[in-house]
1. Please list, or write none, the aspartates and glutamates whose alpha carbon is within less than 15 Å of the alpha carbon of K423, excluding same-chain residues fewer than 8 places away.
2. Please report Rg (one decimal) and Dmax (integer) in Å for the Cα set of the chain.
3. Tell me, what is the Rg over Rh of the range 409-535, with Rh the Kirkwood radius over Cα pairs?
4. Using alpha carbon coordinates only, what is the Rg to Rh ratio of the range 8-211, with Rh defined as the Kirkwood radius?
5. Compute the distribution of all C-alpha to C-alpha distances in the range 486-535, in bins of 10 Å from 0, and list the percent of pairs in each, rounded to whole numbers.
6. To the nearest 20 debye, what is the magnitude of the charge dipole of the chain about its Cα centre, counting +1 on the Cβ of each Lys and Arg and -1 on the Cβ of each Asp and Glu?
7. Under 15 Å from the Cα of K4, which aspartates and glutamates turn up, not counting those fewer than eight places away in the same chain?
8. Take the eigenvalues of the Cα gyration tensor for the range 230-306, scale each by 5, and report the square roots as semi-axes in whole Å, largest first.
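Readers should treat all values here as calculations from the given coordinates under stated rules, not as data from a laboratory. Quick caveat: nothing in here was measured; it's all calculated off a predicted structure. All Cβ positions, glycine included, derive from the backbone under ideal geometry; neighbour counts span all protein chains shown.
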Amino acid sequence: MKIKQINGEMLKKMFIQGNNLLYNNRDAVDALNVFPVPDGDTGTNMSLTLDSASNEISKIQNPSIENVTKSAAKGSLMGARGNSGVILSQILRGFEKGCRGKKILTADDFANALKEASDTAYKAVMKPIEGTILTIIREASNRALQVSNDSIDLNDFFSAIISHAESVLDRTPEMLDVLKQAGVVDAGGKGLIYIFQGFWEALSGKEISQPQKREIHDGNERDISSDDIEFGYCTEFIIQGNELNSEEFKDNIKGFGDSLLVVGDEDLIKVHIHTNNPGKILECGLNFGELIDIKIDNMRHQHTNRYNFQESVSEKPQEYGFITIAMGEGLSNIFKDLNVDKVIQGGQTMNPSTEDILKAINEINAQSIFILPNNSNIILAANQAKELSEKNVIVIPSKTIPQGIASMLEFDPLVSPEENKEKMVKALSNVDTVQITYSVRDSRFNDLDIKKDDIMGIFNGEINTVGSDVLEVALDVLDNTFGEDKEILTIYYGDDVTEEEADKLASLIEERYPDIDIEVYYGGQPLYYYIFSIE
């Protein structure tokens, strides 16, 4: 029986299958990377990007063509990682444009959407380079337009697209000299073909493919010097604002480097550029809006210190690595400032899985890896990941963000892992945690009658104060719990609190407790108006 059209339910399955197949083969795509420094691993970056899209799609209860493609575009933009991830997000953005107004997709519809995807991706890159993922999406769309007609079976349609894309991929070393030197095909293009293959398998009802080992060239022929890197700083960030114009911003910075990607919409622009003047790029961004997720890597330094060009690429493990779990841009940045390698986005209502934590462990090349769960509901998953890993993993059973921060501050790089564990665990009991949040239902706790939407003050995991005003509850819970031996109060204000509101609270607390040192930081955490650390 011929398959002539794709509905929303099938498209949802196709995206999830494409995501799974790429994820299962991300290591094979990673192994195709030829340039040893700029943007991390292509397979991992593409997989994380598509996984973000897949997560959005998975939430859809009644999938339609439009809500599946919109979720894919939104999820991939916010989750885009590295150069390849940004381009993939633009492919999905263009695909969404090409699917607007469609209730079902025929071969012609799919081909036209792929053409829109290709055009959008090319426009996002200032200087498109042939022999990359851009070439593969363009050739795939061209082939799709050639073979599409009213009578074609969609199985035959995808077979033709994939077959052509693979033949073009095999020719990418002839298009791009660095591929030829390394003896590999383009990694991004290979990743895209895995996605198409996953689409096809879902359409034809096949089971998810298991990872297939394949022979990857080990890179013996590489001879790339750090002197070849013209622009030394890989600079990435996101601009948030209103009525943003990505084309105008791109025009303002295009003379400051290469590998430029500027993508987004009126509210958010994601920026990637290789430059020798990252400060000027950031300064220009500030003229447009607020900057978040800033990341600057010295590629020459990475090249010199992380890689050697012997028979294979190797990296000396660092002595210590750190993983923590946190929600909120501000809290993530605080942990990164404390030298945490991986901040897994998660926490209350969004507990990361064992697989998420194990993946983070595998991505850190260190002799000893510390995990700070910062939530009692995540400690079990962290310990399970520890058991599954062959690395020396140490779980510090932190139950709150303040405990995690206090524990990191106790770390001493000059002592042994065992001594650090003792010091870091001890630090957990030296800090009290207050959380200000709201009730989601009527309840009763410790003689406190709690109504839905009441404001609650939680002290060390137990509800202490209930009221109707955030400010009043915050002050009351401190009045109920503040001891004379306490010297420092740190306030982390959440996503629903303004800086002015947080400063007002700090002033009121200072009036009541003039001998206490008070510090205020943006946490950006959802659900909790405030998190207090009391020491």
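1. Leaving aside aspartates and glutamates fewer than 8 places away in the same chain, those within reach of K423 are E410, D412.
2. 25.4, 81
3. We get a ratio of 1.03 for the range 409-535.
4. Dividing the radius of gyration by the Kirkwood radius yields 0.94.
5. Result, from short to long distances: 29, 54, 17, 0 percent.
6. 2360 debye
7. The reachable aspartates and glutamates, counting only those whose Cα sits under 15 Å from K4, are D108, D109, D150, D153, D156.
8. Rounded to whole Å, the semi-axes are 23, 12, 9.
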